[in-house]
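Note sheet for the following structure.
Please treat every number below as a calculation from the coordinates, not as lab data. The model shown is predicted, which means the values in this text are computed figures rather than measured ones. We place every Cβ from the backbone using ideal geometry, glycine too, and count neighbours over all the protein chains shown.
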Amino acid sequence: MRIAITGIGVVSAIGMNCAETLQSLLDERSGIGTMHILGSRHTELPVGEVPLSDAQLKQLAGIPADEPMPRTSLLGIIAAREALQQAFGSPSSAFDFRPSTFDSIAFISGTTVGGMDLTEQHWQDYHEGKATECIPLHEAGESTNAIARHLAFTFHLSPFTLIATPSTACSSALNAIMLGANLLRTGQTKATLVGGAESLSLFHLNGFNTLMILDHEPCRPFDATRNGLNLGEGAGYLLLENEEDAIARGATILGYIGGYANTCDAYHQTASSDNGEGAYLAMSKALNMAGLQPADIDYVNAHGTATPNNDLSESAALRRVFGDKMPAVSSTKAFTGHTTSASGGIEAVICALAIQHGFIPANLNWSHTAEGLIQPVIHTGHRPLSHVLCNAFGFGGNESSLIISAKGIELSEATMIQLPNEQINVQMVNDEMVNGFVSPAEARRMTPQTRRIVAAARRAIAESGVTPEAIVCATQWGCMAQSMQFLQDMLARNEQQLKPTPFMQSTHNTVASTIAILTANHGYNATYSQGKQSLTCAMADIRSQMSLGMIRSALVLEFDEQVEAWDNVLGNIGDCTQNIARATIYKANN
Amino acid sequence: MEQLIEQLKQQIIEALNFEDMTPEDINTDAPLFGEGLGLDSIDALELIMLMDREYGIKLADPKQGKAIFASVRTMAEYIQANRTK
């Protein structure tokens with residue numbers, strides 16, 4: 001099967017749509033500047049904001065002013081709508097001509113922030129029993145559902161074949177694209193709308209600030225003087241379908257999915273390894289899947305956050321893959337800022353635009369070369385591109401690479417969906433059982449519930465004798481104890497003097513990556529947050545990969561934790577959190 | 001100075017969540033990073049925050065921490081000389 005891209009949509013600090021984004025890239029116009037919308041006290045930090053308030057975004061998205069909607073969802077709606085429109089025409093014309101693909105679309109959208117912005121704004125309200133309709137939207141998966149509901153209504157879509165929210169921090173959107181492609185290759189859907197959305201939040205602005213990796217000047221990826229990243233926000237989506245279907249309905253094909261891979265660096269929660277092992281593996285596996293040689297790649301859109309550590313580690317990985325024949329490389333984060341979970345979606349759209357219009361985007365603000373760093377392309381240049389590679393790396397060493405190609409690349413298919421064989425299932429109920437599986441030194445940054453899931457995972461691995469080729473976590477609320485600790489501390493201390501550890505441990509993917517780091521597992525690593533459907537999403541992922549022969553075994557983790565601070569909020573809507581820690585090893589049937 | 005060192009050890013244990021350790025377990029002159037307690041870059045950030053919260057010392061550049069956090073003694077000496085509270 002050849003997977004065609006027939007629609008793209010994007011919103012970020014450099015444009016509200018593809019046309020504006022393209023113009024900014026060609027004009028080398030950055031969107032990074034002074035903070036106007038977020039309302040943080042840290043106005044000394046430059047950001048890549050979408051220059052519209054929530055009220056203005058609602059107006060643009062056609063949403064009533066009083067309807068509760070996270071900013072992440074608003075950005076997502078605007079970008080997803082553009083991708084659908086490009087693929088199928090405007091909602092009214094799409095309704096007149098209804099291709100079969102239209103009745104079978106999966107929506108896979110990565111985010112980590114979800115509705116954290118609403119929780120920040122309404123924290124006090126919640127404790128006074130107000131604004132309670134916003135509470136469910138805190139969940140990453142529910143912020144995706146909000147986008148899905150709006151799209152289904154506007155475009156008169158049939159129910160989505162699957163709605164899933166990969167939440168692996170800054171690689172989330174690329175992982176969404178991978179799941180979408182796998183669903184197509186296994187015939188589980190006719191089309192898939194894939195990418196990610198993320199708004200700025202006080203939570204992660206302050207979180208990255210505690211890590212001391214935010215530059216107070218515009219960021220300078222791969223420059224000797226780089227001193228950290230600037231955060232940005234936005235959304236980016238691609239509409240993917242079988243090339244045959246696209247041709248049959250006369251759609252314009254913008255490019256193709258060539259290959260992809262996700263690996264774990266298995267090194268540290270927030271630092272990348274010196275030799276870029278995870279990034280090297282991700283790029284190599286993506287090339288291998290596409291059947292391409294390194295020399296076939298014309299352009300690399302690097303992760304290139306401009307932190308001292310990322311750019312050095314990514315340069316090492318690029319050298320290992322490409323040797324002396326380095327293709328043109330640039331990071332577009334000096335245009336958009338680091339849009340975290342949305343970055344893979346936004347940058348995949350930028351890669352598709354680059355192929356479509358034959359140009360290589362500039363790596364802005366670069367002027368000083370340094371030992372060990374690759375030398376990026378400093379000005380936007382026009383040239384035809386055959387294959388481009390896009391990187392997105394997240395906390396926990398979650399490394400993803402995607403190849404987008406001008407011509408179709410044949411990818412293997414599976415007609416039979418495998419039902420994985422359950423090997424062993426460990427549920428941690430007794431803290432006595434934790435001892436022996438987690439040492440005190442390992443446990444010091446873990447919550448009691450994290451210790452239980454890590455112990456369950458280790459026991460499942462030990463008793464099954466299986467080294468899992470994938471570690472996939474399903475969680476409704478994510479690492480809520482650490483999230484709530486950081487949030488409450490941030491609000492109480494007025495965004496000052498915050499501890500980095502709770503933020504570092506707060507991402508949804510912390511559990512899956514912690515286990516990968518502790519067991520030195522460089523395999524596939526992912527987390528889904530989709531309410532009570534989280535496990536369904538995780539299983540859809542491993543089932544697809546097993547059917548395609550991409551993995552032969554998997555460790556599936558079900559995780560949630562009881563948190564009093566959040567129960568006090570959830571009580572308003574008759575809900576509560578619960579402790580879940582279950583680890584299951586699956587093997588492929590063949 | 002000895003009193004500050006004892007207090008600092010307790011604060012380090014709390015800041016870095018060494019639940020089962022006591023101040024006696026930390027050698028005043030042993031390296032904090034590398035061998036010693038096996039601390040990493042996040043611990044360095046926690047120690048920077050500890051100095052900010054407890055002693056009113058702000059470090060703008062995390063790289064400065066390397067020399068200051070060589071041992072509990074060097075950290076205590078730096079605090080003694082630069083504390084604002």
Which ³J(HN,Hα) values, rounded to whole Hz and listed in residue order, are derived for segment A:379-396 from phi using the Karplus coefficients 6.51, -1.76 and 1.60 in 6.51 cos²θ - 1.76 cosθ + 1.60 with θ = phi - 60°, glycine and proline given as x? 10, 4, x, 8, 6, x, 10, 9, 9, 10, 10, 10, 10, 8, 10, x, 3, x
So, with +1 on the Cβ of K and R and -1 on the Cβ of D and E, and no other charges, what is the size of the charge dipole of segment A:3-405 about its Cα centre, to the nearest 20 debye? 600
Can you list the HN-Hα couplings for segment A:402-418, worked out from phi with the Karplus curve (6.51, -1.76, 1.60; θ = phi - 60°), rounded to whole Hz and with x for Gly and Pro? 10, 10, 10, 10, 6, 10, x, 10, 6, 10, 5, 10, 9, 9, 9, 8, 7
Is the shape of segment A:338-424 best called rounded, prolate or oblate, per the rule: a/c under 1.5 gives rounded, else a/b larger than b/c gives prolate, else oblate, with a ≥ b ≥ c the square roots of the Cα gyration tensor eigenvalues? oblate
Would you work out if chain A is rounded, prolate or oblate? Take a ≥ b ≥ c from the square roots of the eigenvalues of the alpha-carbon gyration tensor; rounded if a/c is under 1.5, else prolate when a/b is larger than b/c, oblate otherwise. rounded
In chain A the DSSP beta bridges are antiparallel at a rate, in percent to nearest 5, of 65
How many nm separate the modelled label positions at A:GLN56 and B:ALA67, each set 7 Å beyond the Cα in the direction of the Cβ? 4.8
Relative contact order in percent for chain B (Cα pairs under 8 Å, 6+ apart) equals 34
With x for Gly and Pro, the residue-by-residue ³J(HN,Hα) of segment A:126-141, computed from phi through the Karplus equation 6.51 cos²θ - 1.76 cosθ + 1.60 at θ = phi - 60° and given in whole Hz, is 4, 7, 10, x, 9, 6, 5, 5, 7, 4, x, 6, 4, 5, 3, x
Take peptide A:487-500, look around each residue's Cβ out to 10 angstrom, count Cβ atoms belonging to other protein chains, and average those counts. 2
Of all DSSP beta bridges located in segment A:292-421, what percent are antiparallel, nearest 5? 60
Given Cβ point charges of +1 (Lys, Arg) and -1 (Asp, Glu) and nothing else, what value in debye, to the nearest 20, does the dipole of segment A:173-241 about its Cα centre take? 280
Cα centre as origin, Lys/Arg/Asp/Glu Cβ charges: segment A:312-439 dipole, Debye: 720
Measuring from label point to label point, each 7 Å out along Cα→Cβ, what is the A:HIS357 to A:SER386 span in nm? 2.4
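Relative contact order, percent, of segment A:91-248 when contacts are C-alpha pairs under 8 Å separated by at least 6 residues?
Numbers: 257 pairs, mean separation 46.6, N = 158.
Relative contact order, segment A:91-248: 30 percent.
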Report, ordered by chain and residue number, the aspartates and glutamates lying within cross-link reach of A:LYS587, taken as a straight Cα distance under 20 Å and ignoring same-chain residues fewer than 8 apart. A:GLU413, A:GLU422, A:GLU463, A:GLU469, A:ASP541, A:GLU558
Return the loop-located chymotrypsin sites (Phe, Trp or Tyr not before Pro) in segment A:1-103 (DSSP other than H, G, I, E, B) with at most 11 other Cβ atoms within 10 Å of their own Cβ; answer none if there are none. A:PHE97
FRET efficiency, A:SER439 to A:ALA65 (Cβ-Cβ, R0 35 Å, nearest 0.05): 0.05
Average Cα contact separation per residue, chain A, under 8 Å, 6 or more apart, as relative contact order %: 19
State, in angstrom, two size descriptors of segment A:384-432 derived from its alpha carbons: Rg to one decimal place and Dmax to the nearest whole number. 19.8, 62
Cα-projected label distance for B:GLU19 with A:ASN579, points at 7 Å along beta-carbon direction, nm: 1.2
For segment A:421-587, percent of DSSP beta bridges that are antiparallel (nearest 5) comes out at 60
In segment B:58-85, which residues have a backbone nitrogen under 11 Å from the label point lying 7 Å from B:GLU2's Cα in the Cα-to-Cβ direction? none
When Lys and Arg each count +1 and Asp and Glu each count -1, what net charge do the other residues less than 15 Å away from A:PHE153, Cβ to Cβ, add up to? +2
At R0 = 41 Å, FRET efficiency that the Cβ-Cβ distance of A:ALA462 and A:HIS127 yields, to 0.05: 0.40
Local electrostatic count, A:ASP560, Cβ distance below 15 Å [Lys/Arg +1, Asp/Glu -1]: -3
